[in-house]
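Visitor: This is the structure I want to talk about, given as structure tokens.
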Amino acid sequence: MTTTTNGSNGHHGLLQAANRPGPLSGKRIIDFTWAWAGPYGAMQLALLGAELIKIESATRIDHSRQRSLAMGSFTGGVNQAPMFNEVNLNKYSIQLNLKTEGAKQVIRDLARTADGAIDNFRPGILEKLGLGYDDLREVNPEIVMVSASALGATGPERNYTGYAPTFAALSGLSYLSGEPQEPPVMMGGSIDLRAGTTAAMAMLAGFHYHARTGRGQFIDASSSEAIGMHIAEEFLHVDLLGRDGDRIGNGHRAYAPHDVFRCASMRAPEAYTDGHKGARSGWIAIACRSDEDWNSLCEHSGLDHLREDPRFQTGLKRWKHRAELKPMIEAWTSEQSAVETAEALRAAGVPAAASVWGSDIHHSENFRQRGGAVSVRPPETRLRQVLPPPWKLSETPAEIVSPAPRLGEDTDYVLGRMLGYDRDRIDALAREGALE
């Protein structure tokens, strides 16, 4: 089932009318984030029902409103950028020039009413503006603030500017990714999303602490450390052996076969129902963890003769001769359909999966039965489909209720309805240049 949210009836009206039941309903968070990682993390909190007030300025446009970090330059207007519209769902946008005293006072007034704040600037940026954690807690001692920088707020590298490739490189993950004897892999958007999700998790931990104690706190989140936590075994490797591990590509340090193998097609041509013409090439991932897995693979692949080969009779021998084993398996898979072969192997108890394309997921019955894509219509661009929240909460559903906001779309609403400013005060702020 596809849900549609439309921005044409008033963005803040959609957010208010939704009567959002999410587990963070009632929480208000000041969102200073920009680019990709920060806004994505903040959006996870908005999907869970929190009220995210995104702070923006025409004097310093979020560059995701002007270009896509994945696809390059964007020629449309600031409210049409695909990337911005993907990672800022369910948010309010207020336009403030934080270099003005009037705008700073608005932030202080918001902080009095807020439960949290989140940013992904270099350490010290908000402090220079008089809007850091120490400043905000003066007006609200209970506020929880997450600051997600490249390498954290302390240490000699604290002022590094960071984007996804630097997070991955400085975490050690890039060095470990790729084929042996090849260069490290440059890693992009998925790194930002992992770092953003970790920042969101930190905010939840801060809220949980506040619920128990009534106290706020500052959470110093290092995006590089958020990525490094996924390779903890490599730190153990260095500690025990005194050296770094080798790059192993799709292999495993103990199991074989453990790789991705080329197939003749993704699935049989007659099985295509989503508009594809002919069969696309495919790949299948196979992982044998034990002799039982290996024996089942041989039995169900027509490679039974390999069980008698002395090079492959134990797990250790298969691992030592994995370079010889791979082409033998691929000679079989290269004549098979990836999807059907993976299904047959899984039925036989062998861990296997087709390496699917995005369109395969989009058109899959499993994806449809779990709700499918959500259609949103930002006011200044075409109908677009976005991924739904990845969690299904039985009592407090997470949901998409509005498209991303236009630049400053909710400024009057936030100032007037949320903070109680009268028209004269709002107009004075505009004359001062605080609302640029």
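The values are calculated or read from the model by the stated rules, or taken from the named source; none is laboratory data. The model shown is predicted, which means the values in this text are computed figures rather than measured ones. Methodologically, a virtual Cβ is constructed for each residue, glycine included, from the backbone with ideal geometry; neighbour enumeration extends over all protein chains shown. Each accessible area value is taken on the protein alone, full model and side chains, heavy atoms only, with ligands, DNA and RNA left out. Shrake-Rupley method; radii C 1.70, N 1.55, O 1.52, S 1.80 Å.
Visitor: So what are the radius of gyration and Dmax for the Cα set of region 281-414, in Å?
Guide: Gyration radius and largest Cα-Cα distance of region 281-414: 23.2, 76 Å.
Visitor: With a 1.4 Å probe and all protein chains kept in place, how much accessible area does residue 163 have, in Å² rounded to the nearest 10?
Guide: So the heavy atoms of residue 163 present about 100 Å² to solvent.
Visitor: Place a +1 charge on the Cβ of each Lys and Arg in region 94-226 and a -1 charge on the Cβ of each Asp and Glu, then give the dipole magnitude about the Cα centre in debye, rounded to the nearest 20.
Guide: 320 debye
Visitor: Whose amide H sits under 5 Å from the amide H of residue 117, counting only residues 5 or more places off or on another chain, with H placed in the peptide plane?
Guide: Long-range HN contacts for residue 117: 30, 144, 145, 146.
Visitor: Quick one: which residues, 5 or more positions from residue 355 or on another chain, have an amide H under 5 Å from its amide H? H modelled 1.01 Å from N in the peptide plane, none for Pro or chain starts.
Guide: Sorted by chain and number, the residues that satisfy this are 283, 284, 285.
Visitor: Can you give the local net charge around residue 213? Use residues other than it whose beta-carbon is closer than 15 angstrom to its beta-carbon, Lys and Arg +1, Asp and Glu -1.
Guide: +1
Visitor: For region 258-366, what is the accessible area per residue in Å², given a 1.4 Å probe and the full set of protein chains?
Guide: For region 258-366, the per-residue accessible area is 55 Å².
Visitor: For the chain, what is the convex hull volume of its Cα atoms per residue in Å³? Don't jump to the answer; show the numbers that get you there.
Guide: Numbers: hull volume 78.1 nm³, N = 436.
Looking at the chain, the number lands at 179 Å³ per residue.
Visitor: In region 258-366, if the dipole is taken from +1 on Lys/Arg beta carbons and -1 on Asp/Glu beta carbons about the Cα centre, which of 349, 306, 363 is farthest to the positive end?
Guide: The residue sitting most towards the positive pole is 306.
Visitor: At a 10 angstrom cut-off on C-beta neighbours, averaged per residue, how do the peptides 116-126, 377-387 rank from highest to lowest? Present the calculation step by step, with values, prior to reporting the outcome.
Guide: Numbers: 116-126: 22.6, 377-387: 15.0.
Result, highest mean first: 116-126, 377-387.
Visitor: For residue 134, what accessible surface area do you get with a 1.4 Å probe? Give it in Å², rounded to 10.
Guide: 90 Å²
Visitor: When the chain is fully extended, how far beyond the present Cα-Cα distance does residue 186 get from residue 385, taking 0.36 nm per residue of separation?
Guide: On the way: separation 199, 0.36 × 199 = 71.64 nm, distance 2.78 nm.
Full extension from residue 186 to residue 385 adds 68.9 nm.
Visitor: Another question, if that's okay. Where the only charges are on Cβ atoms (+1 Lys, Arg; -1 Asp, Glu), what is the dipole of region 258-366 about its Cα centre, to the nearest 20 debye?
Guide: 440 debye
Visitor: Along Cα→Cβ, 7 Å out, is where each label goes; now give me the distance between the ones at residue 427 and residue 58 in nm to one decimal.
Guide: About 1.9 nm separates the two model spin labels.
Visitor: While we're on this one: Leaving out ligands and nucleic acids, and using a 1.4 Å probe, what accessible area per residue does region 51-175 come to in Å²?
Guide: 41 Å²
Visitor: Starting with the highest mean, order 222-230, 44-52 by the number of other Cβ atoms within 10 Å, averaged over the residues of each peptide.
Guide: Most protected by this proxy first, the peptides run 44-52, 222-230.
Visitor: Per residue of the chain, what 222 nm ellipticity follows from adding -39500 (n - 2.57) for every DSSP H run with n ≥ 4, rounded to the nearest 500?
Guide: Mean residue ellipticity, 222 nm, calculated: -10500 deg cm²/dmol.
Visitor: So what's the gap between the Cα centers of region 363-436 and region 92-147, to the nearest angstrom?
Guide: Spelled out, the Cα-based centre of one part sits 21 Å from the other.
Visitor: State the antiparallel share, in %, of DSSP beta bridges confined to the chain, rounding to the nearest 5.
Guide: Working: 14 of 41 bridges.
Antiparallel bridges: around 35 percent, rounded to the nearest 5.
Visitor: On the protein heavy atoms, probe 1.4 angstrom, tell me the percent of accessible surface of the chain carried by carbon and sulfur.
Guide: Carbon plus sulfur share of accessible area: 51 percent.
Visitor: I would also like to ask the following. May I ask for the angle, rounded to the nearest 10°, between helix 101-113 and the longest principal axis of the chain, with both axes built from Cα atoms and the value confined to 0 to 90°?
Guide: On a 0 to 90 degree scale, this one is about 70.
Visitor: Under a GNM of the chain (C-alpha, springs under 10 Å), which listed residue has the highest mean-square fluctuation: 177, 93, 394?
Guide: The residue that fluctuates most here is 394.
Visitor: Once phi is turned into ³J(HN,Hα) by the Karplus curve 6.51 cos²θ - 1.76 cosθ + 1.60 with θ = phi - 60°, what whole-Hz value does each residue of region 417-427 show in order, with x for glycine and proline?
Guide: Once rounded to whole Hz, the list reads 7, 7, 9, x, 5, 8, 4, 5, 5, 5, 5.
Visitor: Mind listing the phi-derived Karplus ³J(HN,Hα) values for region 23-37, rounded to whole Hz, using 6.51, -1.76 and 1.60 with θ = phi - 60°, and x for any glycine or proline?
Guide: So the Karplus estimates, Gly and Pro as x, are x, 9, 4, x, 8, 10, 10, 7, 10, 8, 6, 8, 6, 10, 4 Hz.
Visitor: Here's a follow-up. As I understand it, the dipole of the chain uses +1 on the Cβ of Lys and Arg and -1 on the Cβ of Asp and Glu, about the Cα centre. Which of 413, 159, 265 lies farthest toward its positive end?
Guide: The residue sitting most towards the positive pole is 413.
Visitor: Once each part is reduced to its C-alpha centroid, what is the distance from region 192-263 to region 291-343 in angstrom?
Guide: About 32 Å separates the Cα centre of region 192-263 from the one of region 291-343.
Visitor: Amide H of residue 132: which non-local residues (sequence gap of 5 or more, or other chain) have their own amide H closer than 5 Å, using H built in the peptide plane?
Guide: 127
Visitor: Taking the dipole about the Cα centre of the chain, with the C-beta of Lys and Arg at +1 and of Asp and Glu at -1, give me whichever of 95, 214, 316 is farthest to the positive side.
Guide: 95
Visitor: While we're looking at this one, here's another question. Order of 189-200, 407-418 by packing, highest average Cβ count within 10 Å first? List each step's numbers first, then the result.
Guide: On the way: 189-200: 22.4, 407-418: 19.2.
Ranked from most to least packed, the peptides come out as 189-200, 407-418.
Visitor: I would also like to ask the following. Taking the full set of protein chains and a 1.4 angstrom probe, give the accessible area of residue 60 in square angstrom, rounded to the nearest 10.
Guide: About 120 Å², rounded to the nearest 10.
Visitor: If you put +1 on each Lys and Arg Cβ and -1 on each Asp and Glu Cβ, how big is the dipole of the chain around its Cα centre, in Debye rounded to 20?
Guide: Working: 46 positive and 53 negative charges, 113 e Å.
Dipole magnitude for the chain comes out near 540 debye.
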